[in-house]
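To start, the structure itself, in structure tokens.
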Protein chains: 2
Amino acid sequence: MTPRIGVIGGGQLARMLFSAALDLDIEVSFLVRPTDEGILGRAANVVVVGDLSFESIAQFASGVDVLTFEHELTPVATLHALEERGVCLRPSAKTMEVAANKLAQRELFGRLKLPIPRFAKLNRDTVFDLPCIAKTISGGYDGRGVRWINEATELEPLADDSVEWLVEELLEVEGELAVLTVSSADGDITTYPPVRTIQREGICVEVQWPATMTGDIDERAQATATAIARELGAVGVLAVEFFVVGGKLYVNEIAPRVHNSGHLTIEAASTSQFENHLRAVAGLPLGPTNFNTPATMVNLIGPLNPIADYQAVPDTRLHLYGKTPRAGRKVGHVTATATSAAAASQLAHRARDRIVSGG
Amino acid sequence: MTPRIGVIGGGQLARMLFSAALDLDIEVSFLVRPTDEGILGRAANVVVVGDLSFESIAQFASGVDVLTFEHELTPVATLHALEERGVCLRPSAKTMEVAANKLAQRELFGRLKLPIPRFAKLNRDTVFDLPCIAKTISGGYDGRGVRWINEATELEPLADDSVEWLVEELLEVEGELAVLTVSSADGDITTYPPVRTIQREGICVEVQWPATMTGDIDERAQATATAIARELGAVGVLAVEFFVVGGKLYVNEIAPRVHNSGHLTIEAASTSQFENHLRAVAGLPLGPTNFNTPATMVNLIGPLNPIADYQAVPDTRLHLYGKTPRAGRKVGHVTATATSAAAASQLAHRARDRIVSGG
């Protein structure tokens, strides 16, 4: 029998995992906070809890064979306690612990001798070249927990903040890449070809394949991502984000889960990242990761026009998440396929401009 | 607000409608017989009833804005009674009445002066050239309710059967095509390009696009299918199946719903047939129907190997339906994309042979 999978989380990543599970005929359940409830409201097997306590998760885990995650919000101590109780976590508590902590990530990159932007843990004595970037050591996403720092006085309140921050060198970035790795439960690691990611105000707004980088950057990015996944003992999808600076790759961040940079695999790759994550977590053989067409994904951010007014654009696919729009909130995405990433980008933007209110 | 859609049915077509509804963020509910329960067990909003009675359907309809169908099993009198009660049916009771009855279909084809195989309603006095085909006038599908007749004595029990039969000329068929039409609620009709369908023992086993027919057969098939959809007042997807005989098109059958011949639109067309059916039924603008890659779909029939043993084939996508295997029962399908339908067919068969037990 295929294991029953429990997913901690109920946002759009969980929703797309659910779609993939339908086609694979894998039984998935979701542990969801009340704020996410609407997003997965159309799936059965949704358990809503007030918080991600040990008791809530342990009870949820008793009805499934393996737990996986759509976010890094579960306290690390809880994850270790669950494993000690015998709950199967994929990825493991150890992987989640490193991946959820930007300082631990950077120590790992250092052990692997990977180039990363210069950084320091922020405290009252920290002296660092300005301008720089400040990031919370855990809990940030989609531009939250990230600040552009121009003046030393801006660092003072962060040094006294209730959460820990680090500061990081501001690089002259030529472009950004992401590589999705997929690790099976018994240690096979495969990667999707690198995609180019385009950010605005700290939020990923567009993802393209092929990334059309020069030289052997694609190969080096895949080799680096594989080394990170191996060192971390990852299971399932692990996303590795890179800066390209002067033809050199700097590791930016990692996420031990399905990732916004992989949504275009639904339409454009042999196996979607969601299916491959489920395959890995369920102990099934991984699916092929080749892209079979150039593609571009554009996130839909902000209020949308009524779907009744939306004339779909050929060769594009719309994915709505059932989320209430808020400033900067991703409420859907559109993926276009074409004969080049640039042509796909044009189509995806045409669709985006028709559906995003005021777009 | 987008209308809430109620689907009468809970098989694989309902399951794929559910997947499409997730991405469109449309609320769908399903009225399901106990035999189908497992197939949609992972969706919320599944109502299980013992039979498709007026009372069951009327109660189900009270919770949605519009009803649609994944099969033609609802009694026609019930459909008319629901409409008289004010329930919005898409397609209408009248469309369903004609489409569910092979004799009424043939009268319609006659009105439109469309070539069809010679036929007669079967009774004790019927004289007909042999060999021929006998078909139940309503209720048949996937080879059920179809007989190859070689001897006149084989017709006698059918003439006395509790259900009505017709007999039909056995044509020397060179190939079969299907055209999916999509009709919006306000009368726009569009079609997908024709696909080639390959049958074995009355069951569709493979579907290819492009159909690679000679001359203007594609255009004629689309024009004929459009005329049928218009005459029927269809709403949503209506499938029209054709025989090709000596370069001439004969209309075979129609189905007023999403159809096995359109499953490859999930991967290979701008808009899947499932999304377009929902768009039409919900009163939304229809999506583009172009294919953006050659593709082949192969049905998975019979027991499957464990998914844990299945090594996926590049450029193929597996769709499992959650059904218990029985002889001749479709339990899933696989779609391959490639640079030609023939190349896609090879990939799809390779995947099929790996997953079908003894395949």
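The values are calculated or read from the model by the stated rules, or taken from the named source; none is laboratory data. It should be emphasised that the depicted structure is a prediction, and the values quoted were computed from it without experimental measurement. Here Cβ is always computed from backbone atoms with ideal geometry, including for glycine, and neighbour counts include all displayed protein chains.
A few notes on this one:
- Per-region count, the stretch B:286-307, residues more than 30 Å from A:A344 (Cα to Cα) and either touching an Asp or Glu at 6+ places or on another chain (Cβ under 9 Å) or in a helix (DSSP H, G or I) (or both): 2
- Per-region count, the stretch B:1-21, residues more than 11 Å from every other protein chain (Cβ to nearest Cβ) and part of a helix (DSSP H, G or I): 3
- When the stretch B:81-105 is filtered for residues that are assigned to a loop (DSSP other than H, G, I, E, B) and either under 21 Å from B:H277 (Cβ atoms) or within 22 Å of the chain's Cα centre (by Cα) (or both), the ones remaining, listed by number, are B:V87, B:C88, B:R90, B:P91, B:S92, B:A100, B:N101.
- Scan of the stretch B:180-214 for residues that are aliphatic (A, V, I, L, M) and more than 14 Å from B:S261 (Cα to Cα), ordered by number: B:A185, B:I189, B:M213
- Here A:G283 clears all of (1) in contact (Cβ under 8 Å) with a residue 60 or more places away in the chain; (2) outside any loop (DSSP other than H, G, I, E, B); (3) surrounded by fewer than 20 Cβ atoms within 10 Å (Cβ to Cβ) except the condition numbered (2).
- The listed residues are B:T95, B:T153, B:T136, and the only one of them that is hydroxyl-bearing (S, T, Y) and in contact with a Pro (Cβ under 8 Å, 6 or more places away or on another chain) turns out to be B:T95.
- Filter result for A:G283 (of a type in the set (G, A, S) and at the interface with another protein chain (Cβ under 9 Å from one of its Cβ atoms)): yes
- A:T126 vs. criteria modelled with pLDDT of 95 or more and out of contact with any Pro (no Cβ under 8 Å at 6 or more places or on another chain): no
- Residue check for A:E253: under 30 Å from A:S183 (Cα atoms), assigned to a strand (DSSP E or B) and either within 14 Å of chain B (Cβ to nearest Cβ) or of a type outside the set (A, V, I, L, M) (or both): yes
- Flag for A:G63 being away from every other protein chain (no Cβ under 11 Å), modelled with pLDDT of 90 or more, surrounded by fewer than 22 Cβ atoms within 10 Å (Cβ to Cβ) and not in a helix (DSSP H, G or I): yes
- Of the residues making up the stretch A:91-109, not a single one is touching a Ser or Thr at 6+ places or on another chain (Cβ under 7 Å), outside the structural domain of A:R326 (by TED's automatic domain parsing), more than 26 Å from A:A134 (Cα to Cα) and not hydrophobic (A, V, I, L, M, F, W, C).
- Enumeration of residues in the stretch A:308-334 that are facing chain B (nearest Cβ under 7 Å) and in contact with an Asp or Glu (Cβ under 6 Å, 6 or more places away or on another chain): A:H319, A:L320, A:G322
- Hey, B:T339 free of Cβ contacts under 8 Å to residues at least 60 places away in the same chain and within 14 Å of chain A (Cβ to nearest Cβ) or not: yes
- Residues of the stretch A:140-160 that turn out to be exposed (fewer than 12 other Cβ atoms within 10 Å of the Cβ) and assigned to a loop (DSSP other than H, G, I, E, B), as a count: 3
- Within the stretch B:106-129, considering residues that are touching a residue at least 60 places away in the same chain (Cβ under 8 Å), outside any loop (DSSP other than H, G, I, E, B) and not charged (D, E, K, R), the one surrounded by the most Cβ atoms within 10 Å (Cβ to Cβ): B:F109
- Residue in the stretch A:289-305 that is without any contact (Cβ under 8 Å) to a residue 40 or more places away in the chain and more than 17 Å from the chain's Cα centre (by Cα) present: yes
- Every test in (1) free of Cβ contacts under 8 Å to residues at least 12 places away in the same chain; (2) of a type in the set (D, E, K, R); (3) closer than 18 Å to A:L40 by Cβ is passed by B:E55 save one, and that test is (3).
- Positions within the stretch A:215-226 being over 18 Å from A:T197 (Cβ atoms), over 18 Å from the mean Cα position of the chain (by Cα) and in contact (Cβ under 8 Å) with a residue 24 or more places away in the chain, in sequence order: A:G215
- Test for B:V258: is it more than 9 Å from chain A (Cβ to nearest Cβ), outside any loop (DSSP other than H, G, I, E, B) and modelled with pLDDT of 95 or more: no
- Filter pass, A:A134 being under 22 Å from the mean Cα position of the chain (by Cα), in a helix (DSSP H, G or I) and among the small types (G, A, S): no
- Test: residue in the stretch A:17-27 that is at pLDDT 95 or above, touching a strand residue (DSSP E or B) at 6+ places or on another chain (Cβ under 8 Å) and closer than 28 Å to A:I137 by Cβ: yes
- Residues that are over 18 Å from B:V49 (Cβ atoms) and either more than 7 Å from chain A (Cβ to nearest Cβ) or part of a loop (DSSP other than H, G, I, E, B) (or both) within the stretch B:22-33 comprise B:D25, B:I26, B:E27, listed in sequence order.
- Residue within the stretch B:338-358 that is surrounded by 17 or more Cβ atoms within 10 Å (Cβ to Cβ), touching a Lys or Arg at 6+ places or on another chain (Cβ under 9 Å) and outside any helix (DSSP H, G or I) present: no
- When A:G236, A:G247 are checked against the criterion of being away from chain B (no Cβ under 14 Å) and surrounded by fewer than 22 Cβ atoms within 10 Å (Cβ to Cβ), a single residue qualifies: A:G247.
- Residue count for the stretch B:34-44, restricted to those that are surrounded by fewer than 20 Cβ atoms within 10 Å (Cβ to Cβ) and either at the interface with chain A (Cβ under 8 Å from one of its Cβ atoms) or on the phi > 0 side of the Ramachandran plot (or both): 2.
- You will find that of A:T271, A:T265, the residue that is more than 8 Å from every other protein chain (Cβ to nearest Cβ), of a type in the set (V, I, T) and crowded, with 22+ Cβ neighbours inside 10 Å is A:T265 and no other.
- Unmet requirement for B:L318, which otherwise passes all of (1) hydrophobic (A, V, I, L, M, F, W, C); (2) within 24 Å of B:G9 (Cα to Cα); (3) crowded, with 23+ Cβ neighbours inside 10 Å; (4) in contact (Cβ under 8 Å) with a residue 60 or more places away in the chain: (4)
- The stretch B:1-18, residues that are surrounded by fewer than 21 Cβ atoms within 10 Å (Cβ to Cβ) and more than 17 Å from the chain's Cα centre (by Cα): B:M1, B:T2, B:P3, B:R4
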